Amino acid sequence: MIYVRALESLTEDLKKQLESHDNIEELTIGMAEDFCRTALATILWLFVAEHPNIRVRIISGTYSALTEGIEKKTIDFAIMRRFGEYADSRLLWRDNLAWIGRKNMRLSREEPVPLVLPLPPNPGRDMPIAMLRASGRSCFIRFESVGLAGIEAAVQAGLGICAGPRSMWLAGAAPLVEGHGLPDLPDVEFDLVTVKPPKKDFSKAFLQILTAASKSGFIPQRDPALPAAVVS
């Protein structure tokens, strides 16, 4: 009998939990992988601090995956590199694009530049090749990956270099200093694309936090609750 009562109690608790979850509000954001490495922790920290009961879903992926989410309207907002124009989009953030390689990596000016690139289709794939060739530097593709994790591993292993936002954090890697004979890269721009008009207060709050954070480079005021890696 004691087991039956315990089971009944657990069943009732489970029922209450499921019923309470039915009313949970959700915010779904599509976000470029490189933007996740620059600003995601800051944005989440600021938003969740004010809205702890909102369930946040981050759809992080390639440019084509984000455009699919926009077209099918499976996300509320998208933060992505400005490669195309959408009806309801605006510039959110601009960062310096840099050549990124293994820490203390040295490249010979006489040898072709080894590149680590995203797999096609990806609008950002052709730009590093075009910039090098325009400057008179030869190059070759050493490594390709569908996601940023593979690119990070290749760069960390010293297989080659990639072009990414200067603020993008990759383990064991850093922007290359001058002296490698590499051309300057253009700035990278991230757009905020509104897929679904923000009708909820928390959606509007998310947009306000994005706007405020973008003005300070997505670096919040120093707070002991925030990881040092975010505010350093």
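The values are calculated or read from the model by the stated rules, or taken from the named source; none is laboratory data. Please read all numbers here as calculations on a predicted model, not as lab measurements. Virtual Cβ from ideal backbone geometry, glycine too; neighbours counted across all protein chains shown. These accessible areas exclude ligands, DNA and RNA; they are computed on the full protein's heavy atoms, side chains included. Shrake-Rupley method; radii C 1.70, N 1.55, O 1.52, S 1.80 Å.
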Restricting attention to the stretch 183-194, does a residue exist that is among the hydroxyl-bearing types (Ser, Thr, Tyr) and not in a strand (DSSP E or B)?
-> no
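Glu189 - would you say it is crowded, with 17+ Cβ neighbours inside 10 Å and of a type in the set (Asp, Glu)? Before the answer, list the steps.
On the way: crowded, with 17+ Cβ neighbours inside 10 Å: no; of a type in the set (Asp, Glu): yes.
Answer is no for this residue.
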Identify the residue in the stretch 56-84 that is free of Cβ contacts under 8 Å to residues at least 60 places away in the same chain and of a type in the set (D, E, K, R) and, among all such residues, is nearest to Asp126 (Cα to Cα).
-> Glu68
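When the stretch 168-178 is examined, which residues are found to be open to solvent by 40 Å² or more (accessible area, probe 1.4 Å), in a loop (DSSP other than H, G, I, E, B) and not aromatic (Phe, Trp, Tyr)? Outline the logic, then answer.
Taking the stretch 168-178 first, the residues open to solvent by 40 Å² or more (accessible area, probe 1.4 Å) are 169, 175, 177-178.
Restricting the remaining residues to those that are in a loop (DSSP other than H, G, I, E, B) gives 169, 177-178.
Residues satisfying the conditions are Val177, Glu178.
Within the stretch 38-92, can you find the residues that are acidic (Asp, Glu) and touching a helix residue (DSSP H, G or I) at 6+ places or on another chain (Cβ under 7 Å)? Reasoning before the result, please.
First, pick out the residues of the stretch 38-92 that are acidic (Asp, Glu): 50, 68, 71, 76, 85, 88.
If the condition is that a residue be acidic (Asp, Glu) and touching a helix residue (DSSP H, G or I) at 6+ places or on another chain (Cβ under 7 Å), then Glu50, Asp76 are the ones that fit.
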Using beta carbons and a limit of 8 Å, which pairs, at least six apart or on different chains, have the first residue in the stretch 196-212 and in contact (Cβ under 8 Å) with a residue 24 or more places away in the chain and the second one assigned to a helix (DSSP H, G or I) and loosely packed, with under 14 Cβ neighbours inside 10 Å?
-> Pro198/Lys204; Ala205/Glu50; Ile209/Glu50
For the stretch 192-212, how many residues meet the condition of being within 17 Å of the chain's Cα centre (by Cα) and open to solvent by 20 Å² or more (accessible area, probe 1.4 Å)?
-> 4
Pairs where the first residue, in the stretch 35-55, is more than 17 Å from Ile24 (Cα to Cα) and of a type in the set (D, E, K, R) and the second is open to solvent by 60 Å² or more (accessible area, probe 1.4 Å) and at pLDDT 85 or above, C-beta under 7 Å, 6+ apart = Arg37/Trp169
Unique residue being at pLDDT 95 or above and in a strand (DSSP E or B) when the list is Glu152, Glu144 | Glu144
Could you please find all residues in the stretch 129-139 being open to solvent by 50 Å² or more (accessible area, probe 1.4 Å) and either assigned to a strand (DSSP E or B) or under 17 Å from Ala98 (Cα atoms) (or both)?
-> Ala130, Met131, Arg133, Ala134, Ser135
List the number of the failed condition for Arg106; all other conditions in (1) under 17 Å from the mean Cα position of the chain (by Cα); (2) basic (Lys, Arg); (3) more than 15 Å from Thr62 (Cβ to Cβ) hold.
-> (1)
Does the stretch 140-157 hold any residues that are of a type in the set (Gly, Ala, Ser), over 17 Å from the mean Cα position of the chain (by Cα) and open to solvent by less than 30 Å² (accessible area, probe 1.4 Å), and which are they?
-> Ala154
Which residue pairs have Cβ atoms closer than 6 Å, lie 6 or more positions apart in sequence or on different chains, and pair a first residue in the stretch 131-153 that is farther than 10 Å from Val113 by Cβ and in contact (Cβ under 8 Å) with a residue 24 or more places away in the chain with a second residue that is open to solvent by less than 30 Å² (accessible area, probe 1.4 Å) and β-branched (Val, Ile, Thr)?
-> Phe143/Val116; Ser145/Ile151; Ile151/Val116
